[in-house]
Every structure is written in C-alpha cells, then in structure tokens.
Amino acid sequence: MSFRAGRAGRGAAAACLCLIPSLAWGQSAPAPAAASSPVQTPEEDLDPNSPLAPLPDLGVAWPDLATAPGAPTSAVAATDGVAERRYGWRVDGIEGIGSPLLRQRFDQNSTLKAHAGQPANAAQLDRRAAEDSALLVTLLRAEGYYDARVNVAVEPGPRPQVVLAAEPGGLYRFDRVTLAGVDHAGDKADALTRAFGIKPGDPVDADAVVAADTRLTGAVGRDGFPFAAVGAPEIVVDHATRTATLDLSVRPGGERRFGDIVALPGNRVFGPDHVAEIARFHRGEPFDQTRVDDLRRALIQTSLVSAVELKPVEGRVPGTVDLAVKLDPAPPRTVAAELGYGTGEGARLESSWTHRNLFPPEGALTIRSVLGTQEQLSSLVYRRNNYKGRDRVLTLQVALAHQNRTAYEARTTSLSAALERQTNIFFQKTWTWSLGAELLASDERDVIVATGQPRRRTFLIGALPTSLVYDGTDDLLNPSQGFRLGGRFSPEASLQGSVFGYARTQLDASVYRTVRPGVVLAARTRLGTIAGAPRDAVAPSRRFYAGGGASVRGYGYQDIGPRDPNNAPIGGRSLTEFSIEARVKAFGNFGVVPFLDAGNIYTSPLPRFTGLQYGAGLGVRYYSNFGPIRLDVGTPLNPQPGDSRIAVYVSLGQAF
C-alpha cells in the first residue's frame, strides 16, 4: 500500500507533523552564564561543587536540576531529574475514537506500559513518552485521523503521572475509489466490486483497505480467474479537503475451468491420478482457488509429503487451467508407543511400526502389538488412505489376541476388513460412517452360571459391523460446545454346536457446553442391546460389559452387572450408562474434572434404568499439544461385594 500527499494538501501535510515536546522534568532554572563561570587552571584544585565551564560549539546550556524558586517541596521530590521513581501513565482523548484495535495495539506496543511499575528517571520517561506519542500518532493516522497530534505532560507528585493527550482532529474519508480493469471480469465485475467493499464516503482506514484487498484477491480466485493480478492499493491524501483517493488495478486474465492435474519435473510421492482422487473438484468445474488451497492442505495432511507445489498453468484444452503438481517426500516410517493403566484392567503397553507408503499410493503396513496385564495382541494391518475418494480408508487386518478378563478368557484369531469415512483433527467431519466384515475363531473359557463350574467352548463367528456418527462439536479431541450422536449395528452369525444369529446395536450420545470461561460441562449416555439369542449362547467376548475408565469410573474393568457363583461378572444382553463431568481449567495447562457416572448390565434384550451402579471421583488433566492427558481417581458409591474402594485410570484423551 502506498500513500502520497495531493497537491492541494502539501502545505497541510507538512503542518500536520507533530512536534512532540520533550519532558522538562525539574529544569526550572537555566545554567549560569559563561561569563560568571570561573575557568580552572591545571594548578588549581578542582572544586566538585563548582559549575561546569562552557563547552565550545555546544549550543544547549547545561540544566540546573536544583529546585525552582517557590516550588513546593513535594513537587521538587517528584521532579528530581536524577532520582528514579515509579510512575503512572494514561492516554486521554481517544475515547470513542477509531476501532477497538486502536487501544489494543497501543497497549501491545507501548513503552510506558511495558516498563510500568519499574522506577525511571526523567530522561527515561522523556524517551518513553516520546516513543509512545509517536506510536499513538501513527495508529491514529492508520484509523484515518491524519491531523492527529499528541501532547505530553507530567503531573508531578510522589508518583509522577505521564499524560498523553491526543487531539485526533477530523476523520478523513475517501472521495473517490477506482478499481481499474475490473470491467474486464465481465458479469463478475459487480460481484468483485462488492467483495472489495470500500466506497466513497468510507473512512481512510488502513485496516479496512488491507481487508478489502484480501477480500478482492480471494473473490477473484473463487470466481474462476486463476491468472488474475491485483495491484497494490495506492492512496493519495489531500489535507486541504481532508479526503483521499484510492486506486487499485485489477487484471482478471480470463475465466477458466479446471482441466487436468499434471506432474512437474521432480515430482515424487503421488502421481497425478491419486492427487485427483484427493481433490474436491473435477475436470470441467469452474476454477476455485479455495479448492486448490484445500487440496494443498490435504496433501500435507497425508504425512507423506513435506512440501507441496501446486501451480496453475494454461490448460491443453482452450478455456481450462491445468494444475501442475510437485511433491517432496516426508519420512515414511513411524514408530509409536502408548502406555495406560486402569484398576481392574492393569497396565497396558501398545507399540507399533508403520511404513505409510509401502504400497503406493498411501498403502501403509502396520505391525502392532499389545502387552498388558490382561491382554496380549499381535496384528498385521494394511491401510489404504484416500481410497477411491477423499478421506475414505480401506483397512485389512489379521490378528491374534489373548484376553484374560475376570469374566472370561479368550484366544482369538480374526480376519477383518472395513471401508470407512474418517474424521481427523485437520478436517473434522460432521458425518462419518463405516462398513465392515469380520471372521473370527475364538476359544473361550467361562463358567456355567447355575453351578459355577468352568467350561470351554469354541465359537466361529461372522459379522457385518456398520456405524454412522454425527459430530456437531467444535473440537475433535477436547470439545467445548456441541453434541455427538452415533449408532453401531452388527448382525452376526455364530457357529457353536449349531448356527444361530443375533444383532448387536449400540447408541452413543454426548453433549458439551461452556457454562463460563474455562469451565465445560460434559454429559454422555450409552444404550446397547443384543437381540435374537439368549445370553448364554452368545460368546462371552461378544456380550456387553460395564465398568472402567471409559465406562463407569470407580469400578474395575467390566466388573458391573450380574455375576456367577464365584462373584465374577458374566456380561449381559443390554447396557445402560450415564456420565456427567465438569472440565475446569485450573492454572496453566492443568485442569480438574469432578465426575459422576452410572450404569448397569441386564440379562434382558432391552436396556433398563434400574439397579444402577454409581461412581464418583476427581480427575486431573494436562492439556498438551497433542491432546489432554487424563488421570482419574474414582470410588464406587454403592459397591457390589468384592469391588475395590478406589480405582485409578491413566490414558490419553478425555473420558468421552
């Protein structure tokens, strides 16, 4: 942005330069005249109290910091030019002037404010006041007050008060606004002019001009002009009339439609075909720069790309624009580990190694293992991101697992596949879904409920799990507003002696609301049902259980619900859970979370709301850059026989 003074206003422009007076602090008497100052000879002893001899070629008399005749004692103490004292300061004359950013920017850059509370002498205050007065003049001019002046004064006293008295003067306004060349945009010219927004009569506000320039540049790109050039705004100020003119050149360059995605020399990682799968535009659609920017972010988000170059080039088909792409690779391998602990569940260490592009494009191979007190697992996972479209994930997995729960022990071999639309912290989705298939063989041991005698059974199970989730929250990892609603449905066929079928259904809902700054109230409910088979026929590992860090805190993992003669949980066909907690930011990155949970397991196919087990406690959160770290301590309010009095849970992320 450039500024020039108009011919009619050059004299006024010179007159508007403010002469900021220096602070005269305690300089009430002139230095003694040169004639009355005795000249010392080398042989004479120097008297340290004698006045200074005149210095040649120095046209400013040395100040006498002595007390001015008749000055009050308190004023003398307050205006001692050598002594350092704490000071106060204020700005007068800008109330109701300009935008809220005026005061905010002044406070952020004020030298007086930065050193407030620190002792200062007269010279330091003089320099700080001069800097702040120049700053205030600059800020007022940016708001359109080009005749602004700032007078500096000091109110003496035990705590001197520095006063910056602003005289903004009249507000300058635009007399003429010209967008040269915008007519070449054809029927889009009016829309571009409206996007710019500044018109004659508007204040000469620098922020408004910058914002208008940004809006116009964005509108040109959105409206199909990939080769447009928008010049720098040129403002001419006329101080005589207190007006200004604004001129800006626009060269649209012609509308285009999307053509092909082509590779630049040196392109690696993905070819043009896969980049086209990730893009949210198709060949033949009007060019939109925001979609190009979205594609750039999506390519970076794959974590396989360290740098992206996307450049519009003239298309091979007239009237189109091709996108030339060049991708630089990022390190493709990742090693990860996660450690957690929960009462009843014990310790759990999960580790993995991933090559994220072993099968290009974006075909990742992950070797994952879990070592825990009650769980061990090894799995091999193939994952294809952006499969046949943006944010679609194809997953194939084979796993060997051993679970030794209080309710059962299971050794399971599984093969599964899923196609899903996923959400992530970069592009949080409102709707997500998944379609899957599972085949598993599970050798499971539990007890006969009637007698308590142990038994061992082998289940062959096929399932088709599906899910649909709505997310209306403001943050994926740590929401403070909105709600989530999700459903999961899995029809399953089981072979154990004979073939029978049943369906597992689960509904989850949670709501979040900020009740005051730093305090978020969160609540959730979960309902589940298994219909089509009796509880004892369903494999123990496929039943519903409750209790633990992600369920009803205060109880051991899966410890809530009906129990066998040995006082071990047996699971059920239906589930009811409720939770409410207050997430309170305490200090820094730490927060506290009081919570109350409730839930139960039932043998009936439909969930009930009776016989609920309640747990309450207090949690601590550390809000790191990658999400909250959670430590919860809970206690059961109406424990069953054998329940522990205290339960501790440590994990990454909120409870829900």
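A few remarks follow.
- Remark: the Cα gyration tensor places region 427-585 in the oblate category, a/c being 1.5 or greater and a/b not exceeding b/c.
- Residues with amide H under 5 Å from that of Val305, placed H, sequence gap 5 or more: Ala330
- C-alpha center-to-center spacing [region 135-185, region 585-656] in angstrom: 56
- In this structure the amide hydrogen of Arg573, modeled in the peptide plane, comes within under 5 Å of the amide hydrogens of Tyr602, Thr603, Ser604, none closer than 5 places in sequence on its chain.
- For Leu637, the residues 5 or more places off, or on other chains, whose built amide H falls under 5 Å of its own are Tyr614, Gly615, Ala616.
- Computed from backbone phi with θ = phi - 60° and the Karplus coefficients 6.51, -1.76 and 1.60, the 3J(HN,Hα) list for region 605-613 is x, 9, x, 10, 10, 10, x, 5, 9 Hz; x is used for glycine and proline.
- Gain on full stretching of the segment that runs from Val592 to Gln453 - 0.36 nm per residue minus C-alpha separation: 45.5 nm
- Charge context of Ser604, other residues only, Cβ under 12 angstrom, K/R +1, D/E -1: +3
- The ratio of the alpha-carbon radius of gyration of the chain to the globular-protein estimate 2.2 N^0.38 Å is 1.44.
- Among the helices of the chain, those built from whole DSSP H runs whose Cα atoms reach 27 Å or more along their own axis and whose mean Kyte-Doolittle hydropathy is at least -1.0 are 122-142.
- Vicinal HN-Hα couplings computed from phi for region 396-404 (Karplus, 6.51 cos²θ - 1.76 cosθ + 1.60; Hz; Gly/Pro x): 10, 9, 10, 9, 10, 9, 10, 10, 10
- Exposure proxy ranking for Phe225, Phe626, Phe281, based on other Cβ atoms within 10 angstrom of each Cβ and starting from the fewest, stands as Phe626, Phe281, Phe225.
- Cut-off 16 Å, label 7 Å out along Cα→Cβ of Ile425, residues of region 484-523 by amide N: none
- Seen from every direction in turn and averaged, the convex hull around the alpha carbons of region 173-251 projects onto 4.6 nm².
- Along region 328-334 the Karplus relation, 6.51 cos²θ - 1.76 cosθ + 1.60 evaluated at θ = phi - 60°, assigns HN-Hα couplings of 9, x, 9, x, x, 9, 9 Hz to successive residues, with x for each Gly and Pro.
- Positive-end residue, the chain charge dipole about Cα centroid, Cβ charges, pick of Val381, Leu310, Ala263: Val381
Read the figures in this text as sums done on the coordinates, not as results from a lab. Note that the coordinates shown come from a computational prediction; the quantities given were computed from them, not determined experimentally. For neighbour counting, all protein chains shown are included, and Cβ atoms are generated from backbone atoms with ideal geometry for every residue, glycine included.
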